[in-house]
Amino acid sequence: MKTVWTGRVLSAIPVVMLLFASVIKLMRSPEVMQGFAEYGFPANLVVLVGALELGCVIVYLIPRTAVLGAILMTALFGGATVTNVRVHNPGWIAPVLLGVLAWAGLYLRDVKLRALIPLRKPD
């Protein structure tokens, strides 16, 4: 039971971060609009990106679709990583860590995933 709860806590971190990011994009906050401009993205994509982020969170939170959600979140975090690297922002590590946390959390809370990808004990 400790494993499952640890997984839930780890899963909550990227979920909360992505949920917050999606809400401020959907609200078209001035800071987000400025950030999109600085990163070279057109302003008309803000709501679309926010909706995609929200969709990833929802799919990740549904137990039957959590693996698909983790795949989608990984793609989203990969895009965020590349975007930050492209503009030489040292914050690129944050989406990498969030992706790792998403998978680690899912691994710990999903018995079937742990059976599919067993971690070996040292010989």
Some residue of the range 67-84 being outside any helix (DSSP H, G or I), out of contact with any Ser or Thr (no Cβ under 6 Å at 6 or more places or on another chain) and either closer than 26 Å to V9 by Cβ or charged (D, E, K, R) (or both): no
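Counting just the residues of the range 104-117 that are surrounded by fewer than 20 Cβ atoms within 10 Å (Cβ to Cβ) and of a type outside the set (V, I, T), which one comes out nearest to the chain's Cα centre (by Cα)? Full working, then the answer.
Step one: filter the range 104-117 for residues surrounded by fewer than 20 Cβ atoms within 10 Å (Cβ to Cβ), giving 104, 107, 110-117.
Checking the rest, the ones that are also of a type outside the set (V, I, T) come to 104, 107, 110, 112-116.
Working: A104: 12, Y107: 15, D110: 17, K112: 21, L113: 18, R114: 20, A115: 23, L116: 22 Å.
My answer is A104.
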Neighbours by Cβ (under 8 Å, 6+ apart or cross-chain): first from the range 68-86, within 18 Å of L19 (Cβ to Cβ); second outside any helix (DSSP H, G or I): G69/I62
Selection status of T81, out of contact with any His (no Cβ under 7 Å at 6 or more places or on another chain), open to solvent by less than 40 Å² (accessible area, probe 1.4 Å) and hydroxyl-bearing (S, T, Y): yes
Qualifying residue in the range 80-90 (condition: at pLDDT 95 or above and within 15 Å of G7 (Cα to Cα)): no
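The values are calculated or read from the model by the stated rules, or taken from the named source; none is laboratory data. Computed from a predicted model, the values in this text were never measured in an experiment. Note: ideal-geometry Cβ built from the backbone for every residue, glycine included; neighbour counts use all protein chains shown. Keep in mind that these areas ignore ligands, DNA and RNA; they rest on the heavy atoms of the full protein, side chains included. Shrake-Rupley method; radii C 1.70, N 1.55, O 1.52, S 1.80 Å.
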